[in-house]
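Take a look at the structure set out below.
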Amino acid sequence: MPEDTQDSDQDFTPEFFLPADDEHIRREKAKARLLRDSQWWKNLRGTGLCYYCRKRFPPKELTMDHIVPVVRGGMSSKSNVVACCKECNSRKKYLLPIEWQEYVQQIQEPGKRN
């Protein structure tokens with residue numbers, strides 16, 4: 001039985017996942033383009049606050065990030081989209097929140113920056 005548990009733990013590593021199909025990705029990227037033009041997005045970005053590291057940036061420097069990445073089945077909806085700095089967005093890549101959580105905790109705690 002313990003061997004089965006070990007195997008299932010390996011399924012959650014970021015190195016292995018089944019990407020969403022091309023049609024889903026195209027559809028969600030189109031929705032993201034529409035969201036970027038919305039007043040909702042402009043207001044969110046206008047706060048100047050990165051969702052992950054909580055640092056302030058000029059609004060134009062914040063990017064749109066999908067909490068659950070589109071490539072992993074995420075949707076381009078207000079509940080799955082946040083404003084974040086380019087550094088956090090680049091580091092996060094296609095990770096899910098559970099995979100990204102440890103890094104976020106480190107950068108939000110003083111003195112633990114990489």
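The values are calculated or read from the model by the stated rules, or taken from the named source; none is laboratory data. Here the structure is a predicted model, which means the values were calculated and not measured. Please note: Cβ atoms are built from the backbone with ideal geometry, for glycine as well, and neighbour counts cover all protein chains shown.
Structural remarks
- All conditions but one from (1) within 11 Å of the chain's Cα centre (by Cα); (2) not in a helix (DSSP H, G or I) apply to residue 89; the one that does not is (2).
- Any hit, the range 42-60, residues being touching a Pro at 6+ places or on another chain (Cβ under 9 Å), surrounded by fewer than 18 Cβ atoms within 10 Å (Cβ to Cβ), among the basic types (Lys, Arg) and modelled with pLDDT under 95: no
- Pairs with Cβ under 8 Å, 6+ apart, first in the range 89-114 and at negative phi and modelled with pLDDT of 90 or more, second of a type in the set (S, T, N, Q) and not in a loop (DSSP other than H, G, I, E, B): 89/63
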